[in-house]
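Derivation of every value follows stated rules applied to the coordinates shown; laboratory data play no part. Since the structure is predicted, the reported quantities are computational estimates derived from the model, not experimental observations. As a convention, Cβ positions derive from the backbone with ideal geometry for all residues, glycine included, and neighbour counts pool all protein chains shown.
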Amino acid sequence: MDIRPIFASLRRHRIPALLIVLEIALACAVLCNAVFMISQRVASIHLPNAIDETGMIEVTLDGTDPELAGSDIPRNLAALRGLPGVRAAAVVSTLPLSRNNWGWGFGTKPDDALTDRNSRNVSMYFLGSGGDAALGLRLLEGRLFNDGDYADSHFDKSPLPETHVVLVTRSLAEKMWPGQQAVGKTLYSMPHYYTVIGVVADVLRPYIGDVNSPANYDAAFFPMSAAGSKGALSHYVVRSAPADRDRLVREAEQKLAELNPGGVAHGRSYLEIRRGYFADMSSMAWMLVLVCVVMLAVTAFGIVGLTSFWVNQRRRQIGIRRAVGATRGHIMQYFQTENFLLSTGGVVLGMVLAFGINVYLMHRYEMARMPWFYLPAGAVALWLIGQASVLGPALRAAAVPPVVATRSG
Amino acid sequence: MFQYYLDLAWRSLRRNKVLTALMVLAIALGIGASITTLTVLHVLSGDPLPGRSAEIYYPQIDPQDLRGMSPSKEPPSQLTLIDGMNLLRAARADRQALMKGGEVPIQPEQSTLDPFYVNARYTTADFFPMFGTPFLFGHAWNSADDEAKARQVVISSDLNQKLFGGANSVGRTLRISGTAFQIVGVLDHWQPNPHFYDLNTGSYAYSEQVFLPLQTMIDLHLSQDGSNDCWGNGGGGTDTVLPADTCVWLQFWVQLKTPAEAAAYKQFLVHYSEEQRTLGRFQRPPNVRLRNLMQWLDYNGVVPDDVRLQTWLAFGFLVVCLVNTVGLMLAKFMRRAAELGVRRALGASRRALLVQLLIEAGVVGLVGGFGGALLALGGLWLVRQRSSDYAVLAHLDPSMLLMTFLLALGATLLAGLLPAWRACQIAPALQLKSN
């Protein structure tokens, strides 16, 4: 099909043509960036986390006397293990995504201290006896803690535990000792040092950055005895089959409240913790989806409105073309091609704009660079929407009878 | 004339209902989305102490050792206990308060109530007059009570309601963490947003139920919450163990009534740092900051990035809607070329036509603004269903409502300008001829 007549006609309707191009360009730019933001959030929400999330519940117990932890904790755990359906129970200092973070800087050289620039901030998890099994940590190399490790560890004056063993995540091991065997190496924070006895699959930190942050899995696990925990162990973790989970939330909470009259027990499933952590992110993602859908609808209606107006203006021309032999298909094709040309102009401009917006957002809001394929994907989406919205007006144009040409007005 | 144009506009809009509805809908959607996000931004970046915030300052000094020092680095965002007490007792500002957050168990006398935990603020006496907290009953303690480690407490109206049914509880006893405290004051509802004086507790919709003297907390080893940064071999600060001398963990606020006083106070901070350095306590050269309240909030980036991004996005969306409206209006006005030609031929000036068409656009804008306000109310309701700490604050206030209509009207008039101008360029004779 010859497109020269289309250009000639567009030149005579510069303003409406420009408006369609502009509308498509803006929609394309906003769409690409919004979809990218949605994908970032969805990826965050689904970050893997190598603990048994589906079968785990947590009961926080506050307000007990830390001096009595040595006898209270074993008693509480024995009671929890006695509940029907419980496979493992332990007490830990915090859980992934619980927002309760204990961070500390560690280095790989003996004189590294907390504030050194080359020391790496690591989230510390203190696990009471059996904590590695209760969380369901997946061992990759080395070994997990044994009873001796748990019994030997305690807190003194420092917030660092008095022990010499540690488990690290694979991500942390790879960053601290790239390309080397981590088991047997030592983590330092003057004057404390810890030997890595095992590497476990990646567990998230209690507080994470955005999805691309390389530090999301920088976590280390330390054993901790109940008697020496100084109140640091207050999160009881109970593992069961997923079917027993919701019943156990209530039963475990009740059990701990009964056993500790002065304390306050609060139970929830791990999935609730995860949902709670990402609640904002998922509502932001839904809002973005809503904006995209409404924006595309508005764009489509705009194209329908302008093209309809156009068709009405050119009823006579269409009639003449039909009268001199153009088929309905020709007329349809004319409007579709015209829309395709305008959309092409729009998406080219839109892709440039989308890229610019992304660069600005990267600069201002620490956003990641948008992968290139978002641009053509957005372009194709706008092309399709353009073609879909022009269909109605084009059909109406094709329905113009040739006889219109012979009428005046 | 205005009324006549209004009448014309109304007739014209009713003649083509679909096109009008599309324009109104586009404006309403764009305005609704922008106003929703703008309201959230407006609420979050508000002034927590209107009329007073310019006099409230947050001093920072740098007591760290030489490890990891670089000249451009900001000083720590809190104080050590020693420095806090020194600055407090120096009393160089009009008012000053040193504070920390925490959580304490309340053990009610009534057997019907189980013990429960509440948020606590441990602070020195000036907190109340400096921040202008409203009292329902009683009053604050004074600085002599601070030094005497008095067992005195100020409680919130919520806690007073829960424990005493809202009656005047001043003089009564409250058991906190096993110690008997005397209630000296009951605050009226007071919840500054953001929770500016300690941002570690979460920035929005956070408030304390009990306020007690800082030194009493230290004496009784009550449990502290919030941030605690140490250097060197510093440690402690786990639950009831006090942080070491090489840890910053206290917030310090001062009130300085004039800029001259503020400049003098900054000088004082430099002198203090130098003095501590000659004493051997500080190792770094003086590195001080004195930000006022709003600067402090800005420095800490309290408004979440997501909220700003949403606002940008909403405005992008509004622009798409407006371009769309320009297109639709162009279609609408050009279709009326014949009518406009007749008016021109009968003697209406181009200017008159322009005014007429813009009034038509304005009517669309007002109706769209009305729809936009309704959508914004719905949008804010959705925001309030979210779990973030600021969600409960998202309400449309009168100024934002006015803003909705102004924005709608302004945006539509702007959008109408090009189509109206284009439509006025009609040559009257041509239009008459073709009919």
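With a 10 Å cut-off between alpha carbons and a GNM built on chain A, which of A:Ser225, A:Ser213, A:Ser158 moves the most?
Looking only at A:Ser225, A:Ser213, A:Ser158, the biggest GNM fluctuation is shown by A:Ser158.
Could you tell me what fraction of 2.2 N^0.38 Å the Cα radius of gyration of the range A:1-72 comes to, as a two-decimal ratio? Show your work: numbers first, answer last.
Working: Rg = 30.1 Å, N = 72, 2.2 N^0.38 = 11.2 Å.
Its radius of gyration relative to the 2.2 N^0.38 Å reference: 2.70.
Just check the range B:181-233 against the gyration tensor rule for me: Cα atoms, a ≥ b ≥ c as the square roots of the eigenvalues, rounded for a/c under 1.5, and otherwise prolate or oblate depending on whether a/b exceeds b/c. Show your work: numbers first, answer last.
Numbers: a/c = 3.33, a/b = 1.17, b/c = 2.85.
It comes out oblate by the Cα gyration axes.
To two decimal places, what compactness ratio does the range A:175-297 give when its Cα radius of gyration is scaled by 2.2 N^0.38 Å? Can you show the working numbers first?
Working: Rg = 20.6 Å, N = 123, 2.2 N^0.38 = 13.7 Å.
Normalised Cα radius of gyration, the range A:175-297: 1.50.
Taking the range A:278-409 on its own, what percent of its Cα-Cα pair distances exceed 20 Å?
In whole percent, the long-distance tail amounts to 58.
Is the range A:185-244 best put as rounded, prolate or oblate by its Cα gyration tensor, with a ≥ b ≥ c the root eigenvalues, rounded for a/c under 1.5, and otherwise prolate when a/b is larger than b/c, oblate when not?
Values: a/c = 1.83, a/b = 1.10, b/c = 1.67.
Here the range A:185-244 falls in the oblate category.
Starting from the Cα-Cα distance between A:Phe7 and A:Asp152, subtract it from 0.36 nm times their residue separation and give me the gain in nm to one decimal. If you can, show how the numbers build up before the last one.
On the way: separation 145, 0.36 × 145 = 52.20 nm, distance 8.35 nm.
Here the answer is 43.8 nm.
Starting with the fewest neighbours, write out A:Leu80, A:Leu341 ranked by other beta-carbon atoms found within 10 Å of each beta-carbon.
Values: A:Leu80 24, A:Leu341 17.
Ranked by crowding around the Cβ, least crowded first: A:Leu341, A:Leu80.
Cut-off 10 angstrom, C-alpha nodes, Gaussian network model of chain B. Which of B:Gly165, B:Gly280, B:Gly178 fluctuates the most?
Looking only at B:Gly165, B:Gly280, B:Gly178, the largest GNM fluctuation is found for B:Gly280.
To check my understanding: the extent here is largest minus smallest coordinate of the Cα atoms along each principal axis. What are those three numbers for chain A, in Å, largest first?
Over chain A, Cα extents along the principal axes are 102, 48, 31 Å.
Does the range B:30-184 classify as rounded, prolate or oblate by the C-alpha gyration tensor (a ≥ b ≥ c root eigenvalues; a/c under 1.5 gives rounded; else a/b over b/c gives prolate, otherwise oblate)? Walk me through the numbers on the way to the answer.
On the way: a/c = 1.91, a/b = 1.21, b/c = 1.58.
It comes out oblate by the Cα gyration axes.
Extending each Cα 7 Å along its Cβ direction at A:Arg364 and B:Arg14, get the distance between those two points in nm, one decimal.
Modelled inter-label distance: 4.5 nm.
Of the lysine pairs in chain A, how many meet both conditions: Cα atoms under 19 Å apart, and a spacing of 8 or more in sequence or different chains?
Details: A:Lys109/A:Lys175; A:Lys109/A:Lys185; A:Lys157/A:Lys230; A:Lys175/A:Lys185.
Lysine pairs satisfying the spacing and distance rule in chain A number 4.
Once the dipole of the range A:196-278 is set up with Lys and Arg at +1 and Asp and Glu at -1 on Cβ about the Cα centre, which of A:Ser240, A:Val200, A:Ala220 lies farthest towards its positive end?
A:Ser240
With the dipole of chain A worked out from charges on the C-beta (+1 for Lys and Arg, -1 for Asp and Glu) around the Cα centre, which of A:Ala133, A:Ser282, A:Leu22 lies farthest toward the positive end?
The Cα lying farthest towards the positive end belongs to A:Leu22.
In nm, give the distance between the simple-model label positions of A:Leu271 and A:Trp372, each being 7 Å from the Cα along the Cα-to-Cβ direction.
4.1
So which residue, out of A:Pro206, A:Pro161, A:Pro393, gets the largest mean-square fluctuation from a GNM of chain A using Cα contacts under 10 Å as springs?
Greatest mean-square fluctuation among the candidates belongs to A:Pro393.
What ranking do A:Glu253, B:Glu208, A:Glu23, A:Glu141 get, fewest neighbouring Cβ atoms within 10 angstrom at the top? Before the final figure, lay out the partial values.
Working: A:Glu253 20, B:Glu208 26, A:Glu23 29, A:Glu141 15.
Sorted ascending by nearby Cβ count, the order is A:Glu141, A:Glu253, B:Glu208, A:Glu23.
Based on other C-beta atoms within 10 Å, arrange B:Thr39, A:Thr195, B:Thr123, B:Thr258 from fewest to most. Intermediate values should be presented prior to the final figure.
Working: B:Thr39 26, A:Thr195 13, B:Thr123 30, B:Thr258 10.
Exposure proxy ranking, most exposed first: B:Thr258, A:Thr195, B:Thr39, B:Thr123.
Hey, how much of the P(r) for the protein assembly as shown falls beyond 38 Å, as a percent of Cα pairs?
On the way: 198714 of 355746 pairs.
Distances greater than 38 Å cover 56 percent of the Cα pairs.
Shielding of A:287-296 by partners, i.e. mean partner chain Cβ atoms within 10 Å per residue? Don't jump to the answer; show the numbers that get you there.
Working: counts 11, 3, 0, 3, 9, 2, 0, 9, 9, 1.
Averaged over the peptide's residues, the number is 5.
How large is the Rg to Rh ratio of chain B when both quantities use alpha carbon positions and Rh follows Kirkwood? Walk me through the numbers on the way to the answer.
Values: Rg = 30.7 Å, Rh = 26.0 Å.
With Rg and the Kirkwood Rh in hand, the quotient comes to 1.18.
Would you count, across chain B, every pair of lysines whose alpha carbons are under 19 angstrom apart, provided the pair is eight or more residues apart or spans two chains? Numbers along the way, then the final one.
Working: B:Lys17/B:Lys332; B:Lys73/B:Lys266; B:Lys100/B:Lys149; B:Lys257/B:Lys266.
For chain B, qualifying lysine pairs total 4.
Farthest toward the dipole's positive end in the range A:319-409, which of A:Pro371, A:Gly345, A:Gly329, given Cβ charges of +1 (Lys, Arg) and -1 (Asp, Glu) about the Cα centre?
In the range A:319-409, that residue is A:Gly329.
Calculate the all-directions average of the projected area of the range B:53-299's alpha-carbon convex hull, and give it in nm².
Working: hull surface 52.8 nm².
Projected over every direction and averaged, the Cα hull of the range B:53-299 covers 13.2 nm².
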